[in-house]
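*Asks:* Pasting in a structure now, in structure tokens, and then I'll have a few things to ask.
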Amino acid sequence: GRTVQRELDVDGAFEPHRVLHIARHALHALGAAHAAGIVHRDIKPDNLLLMRVGDDADYTKVLDFGVAKLMEGAASSSQSALAITQAGMVFGTPEFMSPEQACGQALDGRSDLYSLAATMFAMLTGRGMYSAVSAIDWLTAHARTPPPHLVDGKPDLEPYGELDRVLQQCLAKHKEQRPENAGAMAAMLAAVEPTLE
């Protein structure tokens with residue numbers, strides 16, 4: 001297979017229908033992880049692998065659970081191998097990190113939804129959400145700067161206002177304002193898909 005990042009490097013921005021197809025697969029995987037009490041913590045274009053499975057050229061797998069962490073309350077014991085990180089420690093890729101992750105706060109599955117929405121923004125526009133250069137600039141932007149609209153990244157995405165509205169909600173600074181879980185985000189994307197015609 002090839003990663004979303006590789007596709008971006010070679011071909012540039014993706015068509016909206018393709019982005020939603022890939023996101024649905026990623027949300028299915030994230031929903032399973034979250035149901036098991038695991039937060040991925042590093043969703044980004046490099047960790048979405050596109051494979052050909054039957055007629056589907058973009059069957060998507062989520063890679064690299066290397067920085068995954070059990071959600072609060074999911075660990076059966078404090079000695080769990082996945083629960084060894086301390087509060088305040090930050091792991092992941094700054095360009096796609098949720099505000100709460102950037103600030104070293106407690107995480108749940110909504111952090112991964114933010115990172116997936118940031119990844120979708122990159123897939124649709126061919127660029128990151130912010131014009132940051134250093135890791136601290138990225139972390140600060142995710143924590144404090146309002147999310148850009150799709151037209152800010154690529155003006156010809158102006159017709160996709162409904163998709164932009166969904167991404168704005170998924171990129172909310174406060175996790176309580178985002179979709180409740182991966183299934184809810186998938187339903188929002190399914191509802192907006194007819195507007196992409």
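The values are calculated or read from the model by the stated rules, or taken from the named source; none is laboratory data. Predicted model, so just to flag it, every value in this text is computed and none were measured. All Cβ positions, even for glycine, are placed from backbone atoms using ideal geometry, and neighbour counts span all protein chains on display. Note: areas computed on protein heavy atoms with side chains; ligands, DNA, RNA excluded. Shrake-Rupley method; radii C 1.70, N 1.55, O 1.52, S 1.80 Å.
*Asks:* What is the distance in Å between the Cα centroid of segment 149-183 and that of segment 4-26?
*Replies:* Cα centroid to Cα centroid, the span is 16 Å.
*Asks:* Which percent of the accessible area of the chain is formed by carbon and sulfur heavy atoms (probe 1.4 angstrom)?
*Replies:* C and S fraction of accessible area: 52 percent.
*Asks:* Got a sec? Charge dipole of segment 82-197, +1 on Cβ for Lys and Arg, -1 for Asp and Glu; which of Y130, A184, P94 is way out at the positive end?
*Replies:* Farthest along the dipole direction, towards plus: P94.
*Asks:* Still on this structure: Go through segment 22-31 residue by residue and turn each phi into a ³J(HN,Hα) via Karplus (6.51, -1.76, 1.60, θ = phi - 60°); whole Hz please, and just put x for glycine and proline.
*Replies:* Result, ordered by residue: 5, 4, 4, 4, 4, 5, 4, 5, 5, x Hz.
*Asks:* Which net charge results when you count Lys and Arg as +1 and Asp and Glu as -1 among the other residues whose beta-carbon is under 15 Å from that of E197?
*Replies:* Result for the local shell: -2.
*Asks:* Of L20, P148, Y114, whose Cα points farthest to the positive end of the dipole of the chain (charges on the beta-carbon: +1 Lys, Arg; -1 Asp, Glu; origin at the Cα centre)?
*Replies:* Checking the options against the dipole of the chain, the answer is Y114.
*Asks:* Oh, and also: Separation between the E193 and F65 pseudo-spin-labels, each 7 Å from Cα along Cα→Cβ, expressed in nm?
*Replies:* Modelled inter-label distance: 2.6 nm.
*Asks:* Still on this structure, I have one more. Cα axis of helix 135-144 to longest principal axis of the chain: angle in degrees, 0 to 90, nearest 10?
*Replies:* 80
*Asks:* Compute the long axis of helix 182-192 from its Cα atoms, compare it with the longest principal axis of the Cα atoms of the chain, and write down the angle in degrees, 0 to 90, nearest 10.
*Replies:* The angle comes out at about 10 degrees.
*Asks:* Angle check, please: helix 161-170 long axis (alpha carbons) against the longest principal axis of the chain (alpha carbons), in degrees 0 to 90, nearest 10.
*Replies:* 10
*Asks:* Under a Cβ-only charge scheme (Lys and Arg +1, Asp and Glu -1), can you give me the dipole magnitude of the chain about the Cα centre, in debye to the nearest 20?
*Replies:* It works out to roughly 500 debye.
*Asks:* Sticking with this structure for a sec: If I compute Cα extents along the principal axes in Å from the structure I just sent, which labelled value in (i) 48, 47, 31; (ii) 50, 40, 30; (iii) 43, 42, 34 lines up?
*Replies:* Recomputing Cα extents along the principal axes in Å here gives the entry labelled (ii).
*Asks:* Suppose all protein chains stay in the model; what accessible area per residue would a 1.4 Å probe give for segment 110-197, in Å²?
*Replies:* 45
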